[in-house]
Amino acid sequence: MTKIGIILGSTRPGRNGEAVAHWLLDLAKERTDAEFELVDLADYPLPPLDEAMPPSLHAYQNSHTLEWAAKVAEFDGYVFVTPEYNHSISGALKNALDYVYQEWNNKGAAFVGYGSVGGARAVEQLRLITAELQLAGVRASVHLSLLTDFENYSVFTPAERQTAAAHAMLDQLVAWSRALEPLRAGAEAENEADADRAA
């Protein structure tokens, strides 16, 4: 079964993203084409990147890195739930993305943004970042406005159309995540061979 991680990309107290992520998880659990799990960055308190070697070399040393890498590796695709801070994503999400590399490769990615303009600028930043991590971003996304999808900018009350948008996004994400399975299998075999040669 294809497994999708819903990554909650804000760690702020009182964050709007928690309600958004749980709404998406509830919608996703209605589906039978994949398994879904919420991954809250608040549960993985990563310090600013403190690995001596570049993540692309896959030479992780710290226990917090190894724990995060193991969690990221569990999934075939991801939905990134992101706020928009100063036309970009949160520092916590950028740091979490930067920590590992191979674990992201050859998987699907989808985006749910929220903010004054639906998190659109944060999502565009995420598309650039995730492309460099060899994640394949799907076209469909969800953009939640603080003006129309929240009461008093804080109580999440999504417009009806957002449910259809979320399912369209998940349709694409599951399909792309499955389509990339041969690439993941080939890369895994190559990585194992490299490890054997290094040993």
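Every number here is computed from the coordinates shown, using simple stated rules; none is lab data. What you see is a predicted model, and the numbers here were worked out from it, not measured in a lab. Here the Cβ positions follow ideal geometry from the backbone for every residue, glycine too, while neighbour counts run over all protein chains shown.
To make sure I understand the rule: partners must be aspartates and glutamates, Cα under 17 Å from the Cα of residue 107, and not fewer than 8 residues away in the same chain. Which ones qualify?
Candidates past the 8-residue exclusion: 33, 35, 37, 74, 76, 98, 132, 171, 181, 188, 190.
Which of the lysines could a cross-linker bridge to residue 29, judged by Cα under 16 Å and excluding same-chain residues fewer than eight apart?
Partners found: 3.
Among bridges DSSP assigns within the chain, what percent are antiparallel (round to 5)? Spell out each step's value before the answer.
Working: 3 of 28 bridges.
Restricted to the chain, the bridges split so that about 10 percent are antiparallel.
Roughly speaking, what is the stretch gain from residue 179 to residue 56, that is 0.36 nm per residue apart minus the C-alpha to C-alpha distance, in nm to one decimal? Numbers along the way, then the final one.
On the way: separation 123, 0.36 × 123 = 44.28 nm, distance 2.35 nm.
Contour length minus the Cα-Cα distance gives 41.9 nm.
Under 8 Å for C-alpha pairs, at least 6 residues apart: give me the relative contact order for segment 3-198, rounded to a whole percent.
Taking the mean separation of contacting Cα pairs over the length of segment 3-198, I get 22 percent.
Separation between the residue 140 and residue 73 pseudo-spin-labels, each 7 Å from Cα along Cα→Cβ, expressed in nm?
Going from the residue 140 label point to the residue 73 one covers 3.2 nm.
Multiply the residue gap between residue 85 and residue 33 by 0.36 nm, knock off their C-alpha separation, and tell me the result in nm, one decimal place.
Numbers: separation 52, 0.36 × 52 = 18.72 nm, distance 3.32 nm.
Residue separation times 0.36 nm, minus the Cα-Cα distance, leaves 15.4 nm.
Any idea how far apart residue 66 and residue 161 come out in nm if each label point goes 7 Å out from Cα toward Cβ?
If labels sit at residue 66 and residue 161, their model points lie 5.0 nm apart.
Based on the mean of other beta carbon atoms within 10 Å per residue, what is the order of 109-116, 169-176, most packed first?
On the way: 109-116: 24.9, 169-176: 20.6.
Result, highest mean Cβ count within 10 Å first: 109-116, 169-176.
I want to check the label-to-label distance for residue 132 and residue 3. Put each point 7 Å from Cα in the C-beta direction and report it in nm to one decimal.
Modelled inter-label distance: 2.8 nm.
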